[in-house]
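Engineer: What follows is a structure written as C-alpha cells; I'll ask about it next.
The values are calculated or read from the model by the stated rules, or taken from the named source; none is laboratory data. Everything quoted here is computed from the prediction, not taken from an experiment. In this analysis, Cβ positions are derived from the backbone assuming ideal geometry, glycine residues included, and neighbour counts consider all displayed protein chains.
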Amino acid sequence: MPTVHVNLADRSYDILVEDGLLDKAGELIAATGLKGKAAIITDSNVAAHYAEKLMSQFEDASLHTVRAGEASKSMLVAAEVCGEMNRAGHDRGSFIIALGGGVVGDLAGFVAAIFYRGIPFVQIPTTIVSQVDSSAGGKTGVNASEGKNLIGCFHQPRLVIVDPLTLDTLPGREYREGYAEAIKHAAIRDAAMIDDLAALDPSDQHPSADLLARNLAIKARVVEEDEQETSGVRALLNFGHTIGHGIEASLPYGEMLHGEAISLGIRAALFLSEKINGFPAEQSQRILSLLENFQLPLTLPDSIPTDKVMDKLSRDKKFTGGHIKFVLLTEPGAAEVSSKVTLEDIREAVEHLRS
C-alpha cells in the first residue's frame, strides 16, 4: 500500500492510498488509537454513495450531512454542525471523520478544531482535489463574504484514508477540475510529472494509487518544512491561487469550480513567470496544454470585471501588510515566492486571460 508519512513531531500522521480502503476505514481508524463516538460529516452528494458503508463500521456514530457545494463552507454551517453534534451527545472524547471533497474536509477540520476547543479528526477524501492536495496539511477553515478561507486555523488530521475507487461516482467535470492541483504540484516540484499527467485519459476516472501518493508526498514534504506558512516555503503551494481565488470569489460560490478558477490563475502566473523571471514560453505551453487536456478553462469571461477580481484578491491571505507574495516559476519543477510582482503586473495578467 502506498503510504505517505507526514512528520510533524507529535502531530505526525500517515496518508494511506489504496483501492478499497473505505471498506476498512473502521479498523484503520481504530489502529490509530481513536476511541469514543464518531461524528461523520459529509455532504448530500457523497452521503448517498458512501455514508451507510462508513456508518456500518462503527458501533457509536452520528451522521451530519451538509448541502453539497462551496456555500456550506461558512461560519453558519460550522455552528449548525457543532449544535448537531452537541445534541447527538458528542463531547471532548469524540472524533470527527470528514467524508467528502475539499469543502467537507475544510469544514469538518474546522469544526474539529473548535468543538470543545479541539478534538481529533480523520480525512477520507472523495475528489481529486482532496485526494492530491487538500486532505493533507492541516489547513482548515470556512469562507467569508470577502473571500475564500479567510476564517480558519491549522489542525492536523490524525489519519488520511484515500480510496481511489470513490472517484468513480464523481461527475466528469468535478473529476477533471481536481487535476489543476496536480498540475500545480508538477509545475512547482516535479517536472517529470508533467509528462505523466499528459499520458492520462481524462475520461478514465481511476488514477493509480501511486500517482495520488506522489502528489500527496509533495504536499507532505512542503508542510513538514513550513507547517504554518511562516518561512515562505508552504506559500509555494499557492502557485496559481492568488488570481485564481480572486476570480473564484468574484462569482457566486459554486458557479466556477475551484480547479477551474485555479486553471485561470495558473495561466496568469505563467504569464508573469515569463515576464518577470524569463520562464521559457515553450515550458508554459506544456503546462497550458495539460490544463486544456483536462478541459479546464484558460479564458476569463468578459462578464467578470477586472476591477472586481482585483478587489477580491487584494483581500486574500497572501497579502500581508499590503505586500504581495506571488508565486512564480523559475524553471520546470521549481518555483519561488517573489516580491517583484506589482498590482499593475497582476492587473495585466488578469487582462491577459481575456486573450
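Engineer: Mind checking which residues of region 212-235 are surrounded by fewer than 19 Cβ atoms within 10 Å (Cβ to Cβ) and under 20 Å from ILE15 (Cα atoms)?
Structural biologist: Listed by number, the residues that qualify are ARG221, GLU224, GLU225, ASP226, GLN228.
Engineer: If you don't mind, another one. Among (1) buried (at least 22 other Cβ atoms within 10 Å of the Cβ); (2) under 27 Å from ARG117 (Cα atoms); (3) among the β-branched types (Val, Ile, Thr); (4) touching a helix residue (DSSP H, G or I) at 6+ places or on another chain (Cβ under 7 Å), which single condition is ILE183 missing?
Structural biologist: That leaves (2) as the condition not met.
Engineer: Still on this structure, I have one more. Run down ILE276, ILE266 and say which single residue is within 20 Å of GLU351 (Cβ to Cβ) and within 18 Å of the chain's Cα centre (by Cα).
Structural biologist: Being within 20 Å of GLU351 (Cβ to Cβ) and within 18 Å of the chain's Cα centre (by Cα) holds for just one of ILE276, ILE266, which is ILE266.
Engineer: Could you check region 16-34 and list, in sequence order, the residues that are under 21 Å from GLY138 (Cα atoms) and free of Cβ contacts under 8 Å to residues at least 60 places away in the same chain?
Structural biologist: ALA30, ALA31, GLY33
Engineer: Follow-up. In region 120-145, what count of residues is obtained for those that are surrounded by fewer than 24 Cβ atoms within 10 Å (Cβ to Cβ) and either hydrophobic (A, V, I, L, M, F, W, C) or out of contact with any Asp or Glu (no Cβ under 9 Å at 6 or more places or on another chain) (or both)?
Structural biologist: Count: 4.
Engineer: Which residues, taken from region 269-286, are out of contact with any Asp or Glu (no Cβ under 9 Å at 6 or more places or on another chain) and either surrounded by 24 or more Cβ atoms within 10 Å (Cβ to Cβ) or at positive phi (or both)?
Structural biologist: Matches in region 269-286: ALA269, LEU270, SER273, GLY278.
Engineer: I'd like to verify a number: residues in region 89-116 that are more than 24 Å from HIS49 (Cβ to Cβ) and assigned to a helix (DSSP H, G or I), how many? Outline the logic, then answer.
Structural biologist: Here is the first cut: in region 89-116, the ones more than 24 Å from HIS49 (Cβ to Cβ) are 89-94, 113-116.
After this cut, where a residue has to be assigned to a helix (DSSP H, G or I) as well, the list is 113-116.
Looking only at that region, the number is 4.
One line per residue, one yes/no per condition, for (1) modelled with pLDDT of 95 or more; (2) of a type in the set (D, E, K, R); (3) in a strand (DSSP E or B):
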{"residue": "ASN149", "(1), (2), (3)": "no, no, yes"}
{"residue": "CYS153", "(1), (2), (3)": "yes, no, yes"}
{"residue": "PRO157", "(1), (2), (3)": "yes, no, no"}
{"residue": "THR166", "(1), (2), (3)": "yes, no, no"}
{"residue": "ALA180", "(1), (2), (3)": "yes, no, no"}
{"residue": "LEU211", "(1), (2), (3)": "yes, no, no"}
{"residue": "ASN215", "(1), (2), (3)": "yes, no, no"}
{"residue": "VAL223", "(1), (2), (3)": "yes, no, no"}
{"residue": "SER231", "(1), (2), (3)": "no, no, no"}
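Engineer: Moving on. Regarding SER263, is this residue of a type in the set (Ser, Thr, Tyr) and assigned to a helix (DSSP H, G or I)?
Structural biologist: yes
Engineer: Looking at LEU54, LEU16, which is the one that is of a type outside the set (D, E, K, R), at pLDDT 95 or above and closer than 25 Å to GLN228 by Cβ?
Structural biologist: Being of a type outside the set (D, E, K, R), at pLDDT 95 or above and closer than 25 Å to GLN228 by Cβ holds for just one of LEU54, LEU16, which is LEU16.
Engineer: Please indicate, with yes or no, whether at least one residue in region 332-344 is of a type in the set (A, V, I, L, M, F, W, C), free of Cβ contacts under 8 Å to residues at least 60 places away in the same chain, assigned to a helix (DSSP H, G or I) and within 26 Å of ASP196 (Cα to Cα).
Structural biologist: So the first thing to find is which residues in region 332-344 are of a type in the set (A, V, I, L, M, F, W, C), and the list is 334-335, 337, 341, 343.
Next, from what is left, pick out any that are free of Cβ contacts under 8 Å to residues at least 60 places away in the same chain: 343.
Checking which are assigned to a helix (DSSP H, G or I) leaves us with 343.
Filter once more, keeping what is within 26 Å of ASP196 (Cα to Cα): none.
Looking through region 332-344, none of the residues is of a type in the set (A, V, I, L, M, F, W, C), free of Cβ contacts under 8 Å to residues at least 60 places away in the same chain, assigned to a helix (DSSP H, G or I) and within 26 Å of ASP196 (Cα to Cα).
Engineer: Within the group ILE188, ILE151, which residue is surrounded by 21 or more Cβ atoms within 10 Å (Cβ to Cβ) and β-branched (Val, Ile, Thr)?
Structural biologist: Values: ILE151 fails: surrounded by 21 or more Cβ atoms within 10 Å (Cβ to Cβ).
Checking each option against the conditions leaves just ILE188.
Engineer: Give the residues of region 73-88 that are assigned to a loop (DSSP other than H, G, I, E, B) and polar (S, T, N, Q), sorted by residue number.
Structural biologist: Passing the criteria: only SER74.
Engineer: Is it the case, given these coordinates, that GLY20 is assigned by TED's automatic domain parsing to the domain that holds SER72, surrounded by fewer than 22 Cβ atoms within 10 Å (Cβ to Cβ) and in contact with a Phe, Trp or Tyr (Cβ under 8 Å, 6 or more places away or on another chain)?
Structural biologist: Taking the combined requirement at face value, the residue does not satisfy it.
Engineer: Limited to region 70-106, what total is found for residues that are within 25 Å of SER145 (Cβ to Cβ) and not polar (S, T, N, Q)?
Structural biologist: Quick first cut of region 70-106, residues within 25 Å of SER145 (Cβ to Cβ) only: 70-84, 98, 100-106.
From what's left, not polar (S, T, N, Q): 70-71, 73, 75-84, 98, 100-106.
Total satisfying the criteria: 21.
Engineer: Go over the candidates GLY26, GLY83, GLY36, GLY89 one by one and state the one that is of a type in the set (Gly, Ala, Ser), in contact with a Gly (Cβ under 6 Å, 6 or more places away or on another chain) and surrounded by fewer than 20 Cβ atoms within 10 Å (Cβ to Cβ).
Structural biologist: Values: GLY26 fails: in contact with a Gly (Cβ under 6 Å, 6 or more places away or on another chain); GLY83 fails: in contact with a Gly (Cβ under 6 Å, 6 or more places away or on another chain); GLY89 fails: in contact with a Gly (Cβ under 6 Å, 6 or more places away or on another chain).
Checking each option against the conditions leaves just GLY36.
Engineer: Okay, next question. Quickly run through region 182-209 and pick out the residues that are under 19 Å from PRO125 (Cα atoms), free of Cβ contacts under 8 Å to residues at least 60 places away in the same chain and not in a loop (DSSP other than H, G, I, E, B).
Structural biologist: Scanning region 182-209 gives ALA182, HIS185.
Matching residues to (1) within 17 Å of GLY102 (Cα to Cα); (2) in a strand (DSSP E or B); (3) assigned by TED's automatic domain parsing to the domain that holds ALA144; (4) in contact (Cβ under 8 Å) with a residue 40 or more places away in the chain:
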site: ASP14; (1), (2), (3), (4): no, yes, yes, yes
site: THR42; (1), (2), (3), (4): yes, yes, yes, yes
site: ALA51; (1), (2), (3), (4): yes, no, yes, yes
site: LEU54; (1), (2), (3), (4): no, no, yes, yes
site: PHE58; (1), (2), (3), (4): no, no, yes, no
site: THR65; (1), (2), (3), (4): yes, yes, yes, no
site: ALA71; (1), (2), (3), (4): yes, no, yes, yes
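Engineer: Sort through ASP133, ASP204 and tell me the only one that's modelled with pLDDT of 95 or more, under 17 Å from the mean Cα position of the chain (by Cα) and among the charged types (D, E, K, R).
Structural biologist: That would be ASP133, the only listed residue that is modelled with pLDDT of 95 or more, under 17 Å from the mean Cα position of the chain (by Cα) and among the charged types (D, E, K, R).
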